[in-house]
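Here the structure comes first, spelled out in structure tokens, and everything after it is commentary.
The values are calculated or read from the model by the stated rules, or taken from the named source; none is laboratory data. No experiment lies behind these values; they were computed from the predicted model shown. Reconstructed Cβ throughout: ideal geometry from the backbone, glycine too, with neighbour counts over all protein chains shown. Remember, those area values only see protein heavy atoms, side chains included, never the ligands or the DNA or RNA. Shrake-Rupley method; radii C 1.70, N 1.55, O 1.52, S 1.80 Å.
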Amino acid sequence: MPSIPLVAELGAKADEFQQLLNVSKIPGTVTQKLRPVMDPEELFTFQDSRIFVRARPYVPHDNENPNNQSMIQKIEGDRDLVVMTPKISLSGQCTIDPCIVNLDGAFVGARDDTERVYVQSCAPLVSLSVDGASTCILCYGQTGSGKTYTTTGIFRFIAKDMAPFFDTHDILLTVLEIQALKNMDLLTGTDVQVVEDISGELKLLGTEAFECSNAEMLVAAFEEGASQRTTRSTERNETSSRSHMIARISIVSKETKWAKPGDLFIVDLAGSENTADSATHDKSRQAETKFINTSLMTLKDCIRSRALAASSTQHLHIPYRRSPLTLLLRDCFEIAVRRPTKTVMIACVSPLLRDARHTINTLRYASLLAVTPPAKVVAADPNDPNNFTRTQALEFISKVSQGNIQFPEFILPEGDGRTLVHIPEAEFIRRVVESHPHIAEKKAKMIYTAVWKRIVDARTKNRKQMIDAKRHIKAPRCAA
């Protein structure tokens with residue numbers, strides 16, 4: 001990774017650096033080291049996480065000559081990025097140092113439109129999500145680097161590719177805004193809490209997903225939610241997003257409603273800012289900036305901990321519960337999971353030399369994902385009530401009651417094993433006593449305790465399996 005130039009150097013020598021950049025070419029010794037573009041169908045064969053970079057073109061707001069060369073360059077047909085890094089010697093001489101950044105793909109300027117970004121980075125995630133995987137697209141970068149533009153465009157292509165599945169699946173959309181002091185459903189305007197229930201499943205309290213019947217409705221709902229997002233004018237962007245936005249598409253099969261739905265998260269992270277960018281902000285705006293940078297640091301800690309945990313035989317804590325953002329995306333960080341997980345990070349950067357420090361910091365942040373190994377999918381425990389089908393759950397209720405419960409469908413009128421473990425104790429006892437008058441309340445309590453003994457035993461066994469799985473995963477030395 002290239003070194004970060006000093007702010008004073010960039011400011012004092014800006015014109016000289018730009019003149020050098022405009023006439024600089026990527027040397028042949030550098031191009032020989034670049035790796036060819038990957039086949040999109042093979043992106044997730046050997047790794048669960050992939051990292052891409054998109055450098056936006058010059059825009060009028062930059063107040064720069066649009067003919068200037070970008071500091072982010074690539075060779076067509078190669079996936080690695082070349083950063084034309086400004087450097088100054090002790091004698092004061094300015095130079096441009098081409099540095100290779102190993103990635104899974106790079107998109108530079110206007111010629112790499114959003115459709116190309118989608119096809120070469122995210123397209124495989126749709127079919128994986130339909131098959132029950134948890135997938136995620138993260139757009140990260142400084143304020144004004146094109147994150148919202150990219151996520152909006154990608155969402156439209158996702159909706160288009162989902163069109164064939166509306167007949168066979170229920171497609172549900174939730175659009176959340178994560179602010180400094182609260183989380184909000186942008187489709188309903190209600191406050192939302194992100195919590196884990198007793199079985200470890202994530203729940204969004206205070207909202208219900210919006211069901212979409214076709215691709216046009218899915219896009220319209222997303223755009224309506226995105227239009228309600230909090231924005232402010234900053235030094236770098238007139239409509240800077242001051243919160244994180246997470247769109248979750250849940251895909252539920254109509255053929256079997258007991259199968260766990262697939263999830264596809266599209267995350268537009270708030271723009272990172274440094275001290276200079278927020279120097280003119282008032283107290284409330286500075287508090288926003290502090291929240292943004294703190295939550296982004298938590299995300300970075302989770303990514304780093306996942307990489308370290310994968311190469312260590314010791315248990316390392318991944319702090320995803322520290323923030324609602326990372327709690328929602330916890331599947332991206334777990335080493336051992338119950339279903340396949342795939343993550344794409346698109347680091348959005350500026351082409352401007354004056355943003356070199358931001359750009360290099362963004363590349364360092366995102367590159368942590370490039371060394372993570374595949375998560376180990378731990379087989380479901382057949383003795384865990386959470387994994388029971390409806391038939392198995394009904395048989396289990398009768399068996400654990402030693403035959404006293406003859407009509408288990410009264411205890412579990414709908415649902416499967418996951419529904420059973422979510423029945424509160426008082427409700428479970430009430431259903432037993434009312435549907436089986438010969439069973440006393442004390443006996444019903446004993447049956448409930450027996451059910452939970454099986455659940456706790458399975459959870460203890462699962463925890464041991466997860467820890468053992470983490471100990472036997474080793475990270476690759478570099479991205480494949």
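All of (1) of a type outside the set (Ser, Thr, Tyr); (2) surrounded by 16 or more Cβ atoms within 10 Å (Cβ to Cβ); (3) under 27 Å from Ser213 (Cβ atoms) hold for Leu103 with one exception: (3). Take Ala393 and decide whether it is among the small types (Gly, Ala, Ser), buried (at least 19 other Cβ atoms within 10 Å of the Cβ), modelled with pLDDT of 80 or more and not assigned by the TED database to the domain that holds Arg330. Considered against the rule, which asks whether it is among the small types (Gly, Ala, Ser), buried (at least 19 other Cβ atoms within 10 Å of the Cβ), modelled with pLDDT of 80 or more and not assigned by the TED database to the domain that holds Arg330, Ala393 comes out as yes. Across segment 20-61, the number of residues qualifying as surrounded by 15 or more Cβ atoms within 10 Å (Cβ to Cβ) and in a helix (DSSP H, G or I) comes to 5. Kindly establish whether Ala450 is modelled with pLDDT of 75 or more, among the aliphatic types (A, V, I, L, M) and assigned by the TED database to the domain that holds Cys139. Spelling it out, it is not the case that Ala450 is modelled with pLDDT of 75 or more, among the aliphatic types (A, V, I, L, M) and assigned by the TED database to the domain that holds Cys139. Can you find a residue that is within 21 Å of Tyr149 (Cα to Cα) and either in contact with a Cys (Cβ under 6 Å, 6 or more places away or on another chain) or modelled with pLDDT under 85 (or both) anywhere in segment 21-40? There is no residue in segment 21-40 that is within 21 Å of Tyr149 (Cα to Cα) and either in contact with a Cys (Cβ under 6 Å, 6 or more places away or on another chain) or modelled with pLDDT under 85 (or both).
Scanning segment 322-364 for residues that are open to solvent by 10 Å² or more (accessible area, probe 1.4 Å), charged (D, E, K, R) and either outside any loop (DSSP other than H, G, I, E, B) or not assigned by the TED database to the domain that holds Pro60 (or both) yields a total of 7. Under the condition of being β-branched (Val, Ile, Thr) and open to solvent by less than 10 Å² (accessible area, probe 1.4 Å), which residue from segment 62-100 is farthest from Pro36 (Cα to Cα)? Top of the filtered list is Thr85.
Conditions tested, residue by residue: (1) open to solvent by 10 Å² or more (accessible area, probe 1.4 Å); (2) under 20 Å from Gly200 (Cα atoms); (3) among the small types (Gly, Ala, Ser); (4) not assigned by the TED database to the domain that holds Lys461.
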site: Gly403; (1), (2), (3), (4): yes, no, yes, no
site: Gly417; (1), (2), (3), (4): no, yes, yes, no
site: Val421; (1), (2), (3), (4): no, yes, no, no
site: Ser435; (1), (2), (3), (4): yes, no, yes, no
site: His438; (1), (2), (3), (4): yes, no, no, no
site: Lys442; (1), (2), (3), (4): yes, no, no, no
site: Met446; (1), (2), (3), (4): yes, no, no, no
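Selection of segment 292-313 for residues being at pLDDT 75 or above and open to solvent by less than 50 Å² (accessible area, probe 1.4 Å) yields Ile292, Ser295, Leu296, Thr298, Leu299, Asp301, Cys302, Ile303, Ser305.
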